[in-house]
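See structure below.
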Amino acid sequence: MSMRLTVGQAIVRFLEAQHVERDGVENAFFAACWGIFGHGNVAGVGQALLERELSGDTSHLRYLQGRNEQAMVHASVAYARHRDRLAAMAVTASVGPGATNMITGAALATINRLPVLLLPGDTFATKVANPVLQELEDPANGDISVNDAFRPVSAYFDRVHRPEQLAPALLHAMRVLTDPAATGAVTLALPQDVQAEAWDWPEELFARRVWHIARPAPEPAALTRAVAAIRGARKPLIVAGGGVTYSRANDALRAFAEATGIPVAETQAGKGALPYDHPSSVGAIGATGTTAANTLAAEADLVIGIGTRYSDFTTASRTVFGADDVRFVNLNVSGFDSHKLAATSLVADARDGLYALSTALQGWAADQAYTARAARLAAEWDAVVQGAYDLALPDQDGRPRLAQSQVIGAVNELSDPRDVVLCAAGSMPGDLHKLWRTRDRKGYHVEYGYSCMGYEIAGGLGVSMAALDAQRLEGEDERDVFVMVGDGSYLMMNTELVTAVAEGVKIIVVLVQNHGFASIGALSESLGSQRFGTQYRYRTKSGLDGDRLPVDLAANAASLGADVLSVTGIEDFRAAIVKAKQSSRTTVIHVETDPLAAAPDSPAWWDVPVAAVSALDSTQQARATYEDRKRDQRQHLSPPHSKDPTS
Ligand SMILES: Cc1ncc(C[n+]2csc(CCOP(=O)(O)OP(=O)(O)O)c2C)c(N)n1
Ligand SMILES: [Mg+2]
């Protein structure tokens, strides 16, 4: 039996039939398809979405209208992250700019190992009247289009020139999207004529299909090597990454940490692996780490990386692990990550790998004095956090001045433990990493693989949609989503506030106005570049150093349909949070903070090169410091110790 459908209609039918299963639990994989229509997709995938919506079939793929293609990808990626990669979204875009707007989102997805299906329109396969509107012409190359720019940022890419190619392309797309080691952005470029072309499809293409999400078991010999390395360690430290959460390995990690007494530090994606007040938790590690985690990292003889990519922020640009004899054991579902830092590799699912390690290490524990010291260091840091939450700056010009750490503290104290805090770029991610007290495994969502300005509001929308779906499908309780966004990121992309209003999906946006880039300002100053170009000011004869710009972001947010609360002091701010939580509508809280009030730090470094020659004193001094710090940088090339030192 066959069904005659267009390519666009076949795609939508296929997506509706895809399910995933892990641990015996099944659910539909695609929660929705975002789309902005143009001549490249309106009559193809767009027409197919309409036809399904009008069909009355309750299982039709839901269409979501976004305002910007990049934002639609961000929302999808955030959705998939919140659902632990067990569900995802698709995005259809027109040819040309609609398609290329998605490239930033694709890179973000692939870097963060999060699934999203991208369906950019492409120029005519038949090429009868080319160049068509928005077509890139290359005098030396007849078969490229702007969509080729998706290749390096996609975990899988294909272009469907002929209807016959569609079925294998769709199956490969699902293979990659549901593979925990390979997942990322999957791009199927769809020439606009092909999308509308009819074909007789075998009915089995649209049969209900269940993709098993694997939990690969560790190879016994690899497990033995990892166990020997851990048994030989005197000062072991766990670095928990995003893989812990996606695998839902939190309970397994807690049990492992409790049984072995090994302290647990967290990366940005891994924050929330343990609740902040768990006795084994030493908090954030790396360039934005706590004094507890970074002190232990400096002394560790064995680092057990679980589900981490070891980004430069995690390793403080390879300076945080300081012991001469430090070695690594990496438990990761991907061999690419498990081999990093010349580690003893343990390729496995995080949860099942931890179970296997726990069983094999039964009866073994780290030195009690070491475990107790880790807990002491963590308590010391927690006192620093409380101080930062309670910080009070003297008023200036009769107006209260707020530090960002106070803003974080108030949101932390007045949000429910289950609520989600979300951020991506600026000074906020580092401050949140150090200071946020995470109380729920999904309570912390900072996109720091791509740290993409503009992710925040769209991402918050995606998480809020995911939380609603998790409520409906998995019986979860409701969560509010607090989007922390700087004025710079807000100006870059605030468009999805409109979508939140249209969909009736609530987010609480904390819009931190500090009149420019506090983060890059501080970075610039530390590198001798004098905060050049990081403040929003009028141009004068000498540069961008006039008065502050009169931009009214509160008015801007209100104009997009959100409820807006503009506050100055901490008491006002706290009252606004309470009000926003009580409301069922999207609320933007506009708060002014002091860009110069820095949060507490631990000594840690981030490698950002400084000009080697310069006429500026500030740059020359910064270069000298840079060369000094560079000497501490390690490559971590040593092979694992050949013998278990205790045997
Ligand atoms: C799309 C994008 N462009 C540039 C950067 C580099 N960058 C990182 S933070 C930042 C400034 C962010 O400003 P704002 O949102 O106001 O936060 P603040 O630094 O003031 O806390 C810039 C330009 C980035 N991360 N993403
Ligand atoms: Mg700012």
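Among the residues of region 520-529, how many are of a type outside the set (Gly, Ala, Ser) and near ligand 2 (Cβ under 10 Å from one of its atoms)?
Here the count works out to 1.
Give region 412-449 a look and list any residue that's out of contact with any Pro (no Cβ under 7 Å at 6 or more places or on another chain), farther than 19 Å from Ala287 by Cα and open to solvent by 30 Å² or more (accessible area, probe 1.4 Å), or say none.
Glu413, Leu414, Asp416, Pro417, Arg418, Arg441
Within region 484-503, is even one residue polar (S, T, N, Q), open to solvent by 40 Å² or more (accessible area, probe 1.4 Å) and in a loop (DSSP other than H, G, I, E, B)?
Checked region 484-503: at least one residue is polar (S, T, N, Q), open to solvent by 40 Å² or more (accessible area, probe 1.4 Å) and in a loop (DSSP other than H, G, I, E, B).
Hey, among Ile520, Ile507, which residue is near ligand 1 (Cβ under 10 Å from one of its atoms) and either within 23 Å of Ser451 (Cβ to Cβ) or buried (at least 16 other Cβ atoms within 10 Å of the Cβ) (or both)?
So the residue among Ile520, Ile507 that is near ligand 1 (Cβ under 10 Å from one of its atoms) and either within 23 Å of Ser451 (Cβ to Cβ) or buried (at least 16 other Cβ atoms within 10 Å of the Cβ) (or both) is Ile520.
For the structure I just gave you, tell me whether Phe517 is near ligand 2 (Cβ under 9 Å from one of its atoms) and touching a helix residue (DSSP H, G or I) at 6+ places or on another chain (Cβ under 6 Å). Walk me through it before giving the result.
Working: near ligand 2 (Cβ under 9 Å from one of its atoms): yes; touching a helix residue (DSSP H, G or I) at 6+ places or on another chain (Cβ under 6 Å): yes.
In short, yes.
Collect the residues in region 135-159 that are of a type in the set (S, T, N, Q) and within 26 Å of the chain's Cα centre (by Cα), keeping them in residue-number order.
Once the filter is applied, which keeps residues that are of a type in the set (S, T, N, Q) and within 26 Å of the chain's Cα centre (by Cα), region 135-159 yields Asn147, Ser154.
Please determine, by comparing only the residues of region 575-595 that are touching a residue at least 40 places away in the same chain (Cβ under 8 Å) and aliphatic (A, V, I, L, M), which one is farthest from ligand 1 (Cβ to nearest atom).
Val578
Could you please let me know if Asp572 is within 16 Å of ligand 2 (Cβ to nearest atom), within 27 Å of Leu393 (Cα to Cα) and among the charged types (D, E, K, R)?
no
If only one of Thr295, Thr245 is closer than 26 Å to Arg631 by Cα and polar (S, T, N, Q), which one is it?
Details: Thr245 fails: closer than 26 Å to Arg631 by Cα.
After applying the criteria, what remains is Thr295.
For Leu341, indicate whether it is in contact with a Lys or Arg (Cβ under 9 Å, 6 or more places away or on another chain) and not charged (D, E, K, R).
Yes: the conditions hold for Leu341.
Can you find a residue in region 381-400 that is open to solvent by 20 Å² or more (accessible area, probe 1.4 Å) and touching a helix residue (DSSP H, G or I) at 6+ places or on another chain (Cβ under 6 Å)?
yes
Taking only region 107-156 into account, find how many residues are of a type outside the set (D, E, K, R) and not in a loop (DSSP other than H, G, I, E, B).
If we filter region 107-156 for residues that are of a type outside the set (D, E, K, R), which is where we start, we get 107-112, 114-121, 123-126, 128-134, 136, 139-142, 144-147, 149-150, 152-156.
Add one more test, that the residue is not in a loop (DSSP other than H, G, I, E, B), and what stays is 107-111, 116-121, 146-147, 149-150, 152-153, 156.
Residues in region 107-156 being of a type outside the set (D, E, K, R) and not in a loop (DSSP other than H, G, I, E, B): 18 in total.
Residues of region 466-482 being in a helix (DSSP H, G or I), open to solvent by 10 Å² or more (accessible area, probe 1.4 Å) and under 13 Å from His82 (Cα atoms), which ones?
Leu468, Asp469, Gln471, Glu474
Taking region 558-574 on its own, how many of its residues are open to solvent by less than 60 Å² (accessible area, probe 1.4 Å) and without any contact (Cβ under 8 Å) to a residue 40 or more places away in the chain?
Looking only at that region, the number is 5.
Within region 249-286, track down each residue that is among the aromatic types (Phe, Trp, Tyr) and open to solvent by less than 10 Å² (accessible area, probe 1.4 Å).
Passing the criteria: only Phe256.
In region 75-106, how many residues are under 19 Å from Arg479 (Cβ atoms) and either open to solvent by 50 Å² or more (accessible area, probe 1.4 Å) or not in a loop (DSSP other than H, G, I, E, B) (or both)?
Initially, region 75-106 is screened for residues under 19 Å from Arg479 (Cβ atoms), giving 75-87, 89.
If we keep only those that are either open to solvent by 50 Å² or more (accessible area, probe 1.4 Å) or not in a loop (DSSP other than H, G, I, E, B) (or both) too, we end up with 75-82, 89.
Qualifying residue count, region 75-106: 9.
The values are calculated or read from the model by the stated rules, or taken from the named source; none is laboratory data. From a predicted model like this one, the values you see are computed outputs, not experimental measurements. Note: ideal-geometry Cβ built from the backbone for every residue, glycine included; neighbour counts use all protein chains shown. Heavy atoms of the whole protein, side chains included, go into the accessibility calculation; ligands, DNA and RNA do not. Shrake-Rupley method; radii C 1.70, N 1.55, O 1.52, S 1.80 Å.
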